[in-house]
Amino acid sequence: MRRTDRTRSSRRTVMLAAAAVLAVPAVSVPAAVGVAEPAPSVAAGLPSGNTEYRTLADYEADMAELVADHPDLVKPITLPYPTTSGRTVRGVEISTNVTADDGKPVFVDVGMHHGNEFPSGELTMEFAIDLVQRAAAGDREVTRLLDSARVVVVPIVNVDGFVRGRRQTDTNTDMNRNYGMGWLPISTGGAAPWSEPETRNIEWLLSTRQAVVFNTQHTCIQVVLYPPLQLAAGPAQDVGRLHALASEVASIYGPGYDALPSAEDYETTGEAIDWAYYATRGLALTTETCPDAGVARTYQTQVLDVYDQHREAMLTMLETAADPDQYAVIDGKGPKGAVLRITKAFDMYTSPYLQSDGATRPSSFTTTLTSDLTLGRNGKFEWAVNPSYRPIPAYQEDGIHGFQTGFYEEPWILTCERPDGTVLQTVPVDVDLGETVTVDLKECRREFHQGRP
């Protein structure tokens, strides 16, 4: 393997012209929001043209329309676990030549972990529509970003809660307290870590994609949060990178917004961003938007009035995901049609809590990260991946050990396989931020066609 450093790409704030309006009819406000507001007398200014909250059917129709109208830019995603009530959780993936297997870095953007935070779903959906409209219209900045990265959007993570207009799932679980790392059996944390299908859906999403940036959108305070969730954990190893991105995003939303570790806002356990960062080392943020104090919380103030700033904030996250300094690269050349797979598996731990045998100790769970890449015509590949060096979390087998500064030296295990799953070569790969490691796949190239009819 050959390791090389890459020069830092230039970064700049993306300012874009107003998008053309997609003709989508106004829809009903979910019952929990109350009586629909009168439509404003001027154009709403959202990419969809909407002036009211969507229903679940509206979200699904909008995603289906994006896929049908722009198959070169959008493909559907169905998350693997139906909700407790049997509902499907859907999303879309957006990129130039979206069906290609190209190894681009990824930005994952999700809304509505909490089913009654309706503006978070609206903002997430509108950004997906906005990206597609602008790319289809030939916008240079958006096209450049989608040439360089992929965007995965899931506007409603907690579908059951959304349908019922309630914060929690149908099992009365706050799914943003149900992620395994640091989990505690609080009243809304679920029966066990990862007990909820909605939580396992996001685990699957981030475990199978090399997400350089992960954003979970919420309401209603003015803050951008990053790990850790507990003061006893101490600063995250990548606190400089996390704070820089959170600060830039907060400044875009306005002077009232803060950027800080989640623990300094208030301490919790089992949130998505903690597990996401410590499992993948991707930059993980909780973005909360809200009107200024004293301003009524309406569709106008929570969606229409904030969308221009939201667009710029999300484009900043996408720009960060596309920045070579924020990910690692594995490259090389293999046989046409070969499947490359990178995998690592490791144990992670909850907080200590009272177990059924009367002892107080953490529980363990295994996180497995795995991603595939099928090689094209010439066999050459350049694969953007998260670093192989994983930050050591505070939560350990024997309890909480805060203020960690190191990283686990866990190589990616790269296999080169035939499409039927026959492994022809295995290579461990250690690669850090901003580095490129070239792997020699000559054994796979030599064996790939031998013994085949």
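The values are calculated or read from the model by the stated rules, or taken from the named source; none is laboratory data. Because the structure is a prediction, the values reported are computed rather than measured. Ideal geometry is used to build each Cβ from the backbone, glycine not excepted, and the neighbour counts take in all protein chains shown. Just the protein is used for accessible areas: all its heavy atoms, side chains included, with ligands, DNA and RNA removed. Shrake-Rupley method; radii C 1.70, N 1.55, O 1.52, S 1.80 Å.
Working carefully through the options ALA244, ALA250, find the one that is small (Gly, Ala, Ser) and either surrounded by fewer than 21 Cβ atoms within 10 Å (Cβ to Cβ) or part of a loop (DSSP other than H, G, I, E, B) (or both).
ALA244
Just for the stretch 174-195: of the residues that are surrounded by fewer than 23 Cβ atoms within 10 Å (Cβ to Cβ) and of a type in the set (S, T, N, Q), which one is farthest from SER356 (Cα to Cα)?
THR188
Check the stretch 255-269 and report whether any residue there is in contact with a Pro (Cβ under 8 Å, 6 or more places away or on another chain), of a type outside the set (Lys, Arg), surrounded by fewer than 21 Cβ atoms within 10 Å (Cβ to Cβ) and part of a loop (DSSP other than H, G, I, E, B).
The answer is no; no qualifying residue exists.
Are any residues in the stretch 327-341 buried (at least 23 other Cβ atoms within 10 Å of the Cβ) and either in a helix (DSSP H, G or I) or under 22 Å from the mean Cα position of the chain (by Cα) (or both), and if so, which ones?
TYR327, ALA328, ILE330
Please go through the stretch 273-326 and pick out each residue that is hydrophobic (A, V, I, L, M, F, W, C), closer than 25 Å to ASP139 by Cα and part of a helix (DSSP H, G or I).
Passing the criteria: VAL303, LEU304, ALA313, MET314, LEU315, MET317, LEU318, ALA321.
Name the residue that is nearest to VAL329 (Cα to Cα), counting only residues in the stretch 429-453 that are in contact (Cβ under 8 Å) with a residue 40 or more places away in the chain, charged (D, E, K, R) and assigned to a loop (DSSP other than H, G, I, E, B).
Applying the filter and picking the extreme gives ASP432.
Just to be sure, is ALA246 of a type in the set (Gly, Ala, Ser) and touching a strand residue (DSSP E or B) at 6+ places or on another chain (Cβ under 7 Å)?
It is true that ALA246 is of a type in the set (Gly, Ala, Ser) and touching a strand residue (DSSP E or B) at 6+ places or on another chain (Cβ under 7 Å).
For the stretch 310-321, what are the residues that are open to solvent by 20 Å² or more (accessible area, probe 1.4 Å) and over 12 Å from GLU248 (Cβ atoms)?
ARG311
Take LEU285 and tell me if it is open to solvent by less than 10 Å² (accessible area, probe 1.4 Å) and over 25 Å from PHE381 (Cβ atoms).
For LEU285, the condition - open to solvent by less than 10 Å² (accessible area, probe 1.4 Å) and over 25 Å from PHE381 (Cβ atoms) - is met.
Looking at the stretch 269-305 only, could you name the residues that are over 19 Å from HIS114 (Cβ atoms), touching a helix residue (DSSP H, G or I) at 6+ places or on another chain (Cβ under 8 Å) and small (Gly, Ala, Ser)?
Matches in the stretch 269-305: ALA279, GLY282.
What is the one condition in (1) in a helix (DSSP H, G or I); (2) closer than 21 Å to LYS104 by Cβ; (3) open to solvent by 10 Å² or more (accessible area, probe 1.4 Å) that ARG209 does not satisfy?
(1)
Do you know which residues across the stretch 74-98 are more than 11 Å from ILE129 (Cα to Cα), touching a strand residue (DSSP E or B) at 6+ places or on another chain (Cβ under 8 Å) and not acidic (Asp, Glu)?
The answer is LYS75, PRO76, ILE77, THR78, LEU79, THR88, VAL89, ARG90, GLY91, SER95, VAL98.
Does PHE448 fit the bill of being of a type in the set (Phe, Trp, Tyr), crowded, with 19+ Cβ neighbours inside 10 Å and more than 23 Å from SER207 (Cβ to Cβ)?
So PHE448 passes the test.
Could you please give the count of residues in the stretch 344-363 that are surrounded by 14 or more Cβ atoms within 10 Å (Cβ to Cβ) and not charged (D, E, K, R)?
8
Have a look at TYR299, TYR226 and point out the one that is crowded, with 22+ Cβ neighbours inside 10 Å, under 18 Å from the mean Cα position of the chain (by Cα) and aromatic (Phe, Trp, Tyr).
From the options TYR299, TYR226, the qualifying one is TYR226.
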